[in-house]
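Peer 1: Encoded as structure tokens, here's the structure I'll be asking about.
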């Protein structure tokens, strides 16, 4: 069974999720990858606020390809989330409540997810064209000079994800390893 969640994430929604849950997200998400995270962090150190208020928001780690004629967006699959681990604890401190990507997160990020009652969702890599069908609109918000790594505002509908790390310390990857070792 899939849970349906309307964004922005509420604490109630976050606390209802457990590692391994399948979820359909609808609402607004923002894209940001390596270069955007680095620039946001550098600008914050200079006293420049983030170009997006991350409080209560979800960031999708993707760099979409250009849209084909008649399409809203090109392929928009997840990128490896670990590349954002250096920046993620600070964003969680600023109120970020969710991230969508693929792959493991480091221990510091997992602890920050728990501390700040957030959630890390996984999207299926290799299914970027299918995932893109859930994206209904796209708008560049900041850092247009970064091309595919610009920060974009996406409106999504029934965007398929699963919970990798929950607010309780659950980790679907770790649980899988433990089950494998027990067998």
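Peer 1: So which residues in the range 128-147 are within 18 Å of residue 99 (Cα to Cα) and not in a strand (DSSP E or B)?
Peer 2: Residues satisfying the conditions are 128, 131, 132, 134.
Peer 1: Can we say residue 104 is touching a helix residue (DSSP H, G or I) at 6+ places or on another chain (Cβ under 8 Å), assigned to a strand (DSSP E or B) and within 21 Å of residue 89 (Cβ to Cβ)?
Peer 2: Taking the combined requirement at face value, the residue does not satisfy it.
Peer 1: With the requirement that a residue be touching a strand residue (DSSP E or B) at 6+ places or on another chain (Cβ under 9 Å) and either loosely packed, with under 14 Cβ neighbours inside 10 Å or without any contact (Cβ under 8 Å) to a residue 60 or more places away in the chain (or both), what does the range 8-17 give you?
Peer 2: 13, 16
Peer 1: Would you mind finding the one in 63, 56, 47, 95 that is in a loop (DSSP other than H, G, I, E, B), in contact (Cβ under 8 Å) with a residue 24 or more places away in the chain and either more than 13 Å from the chain's Cα centre (by Cα) or farther than 22 Å from residue 136 by Cα (or both)?
Peer 2: Result: 95 is the single residue among 63, 56, 47, 95 that is in a loop (DSSP other than H, G, I, E, B), in contact (Cβ under 8 Å) with a residue 24 or more places away in the chain and either more than 13 Å from the chain's Cα centre (by Cα) or farther than 22 Å from residue 136 by Cα (or both).
Peer 1: Which one of these is surrounded by fewer than 19 Cβ atoms within 10 Å (Cβ to Cβ), under 15 Å from residue 131 (Cα atoms) and modelled with pLDDT of 95 or more: 47, 20, 27, 74?
Peer 2: 27
Peer 1: Consider residue 115 against the criteria (1) surrounded by fewer than 20 Cβ atoms within 10 Å (Cβ to Cβ); (2) more than 22 Å from residue 166 (Cα to Cα); (3) out of contact with any strand residue (DSSP E or B) (no Cβ under 6 Å at 6 or more places or on another chain): it satisfies all of them except one. Which criterion is unmet?
Peer 2: (2)
Peer 1: Under 7 Å between Cβ atoms, which residue pairs at least 6 apart in sequence (or on different chains) link something in the range 107-120 that is at negative phi and part of a strand (DSSP E or B) with a partner that is at pLDDT 95 or above and surrounded by fewer than 17 Cβ atoms within 10 Å (Cβ to Cβ)?
Peer 2: none
Peer 1: Related question: For residues that are out of contact with any strand residue (DSSP E or B) (no Cβ under 6 Å at 6 or more places or on another chain) and surrounded by fewer than 19 Cβ atoms within 10 Å (Cβ to Cβ), tally how many sit in the range 161-183.
Peer 2: So the count comes out to 13.
Peer 1: A further question follows. Can residue 167 be described as closer than 22 Å to residue 19 by Cα and within 17 Å of the chain's Cα centre (by Cα)?
Peer 2: Yes, satisfied.
The values are calculated or read from the model by the stated rules, or taken from the named source; none is laboratory data. Just so we're clear, the structure is a prediction, and the values are computed from it rather than from any experiment. Backbone-built Cβ (ideal geometry, glycine too); neighbour counts: all protein chains shown.
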